[in-house]
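Remarks on the structure that follows.
Values in this text are rule-based calculations from the coordinates and carry no lab data. In this text the structure is predicted, and so the values were computed from the model without any measurement. Here Cβ is always computed from backbone atoms with ideal geometry, including for glycine, and neighbour counts include all displayed protein chains.
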Amino acid sequence: MKNTPLSKVTDVESIENMLDLELIGAMCPNATINMYFSPNMDQGFIDAISQACSANNIVSISWGASEISYDLATLNSIIVIK
């Protein structure tokens, strides 16, 4: 699946994405940074985590809701990703 961020700079999600990239880039200037995009639904979140974890040693998530807002099936799917 190809990453497709929102195209308008005024989109809140795009601004949040750029802020995240700028912060991690400033803290780790020599790091290779991979950003993953997915549909804003449980399966999209699971798919993005799975893809990121399979391709990277360190994963940071600044998107999503607190754990209590996800159903048990979604939480179980995320827990088993390694």
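Taking the charge dipole of the range 12-79 about its Cα centre, with +1 at Lys and Arg Cβ atoms and -1 at Asp and Glu Cβ atoms, the residue from I33, T74, I46 reaching farthest to the positive side is I33. Sorted on the mean count of surrounding Cβ atoms within 10 Å across their residues, most packed first, peptides 25-31, 40-46 read 40-46, 25-31.
Between A55 and E16, the contour length at 0.36 nm per residue exceeds the Cα-Cα span by 11.8 nm. For the range 12-79, the relative contact order comes to 26 percent (Cα pairs under 8 Å, sequence separation of at least 6). With the simple model of a label 7 Å out from the Cα in the direction of the Cβ, S66 to D42 spans 1.9 nm.
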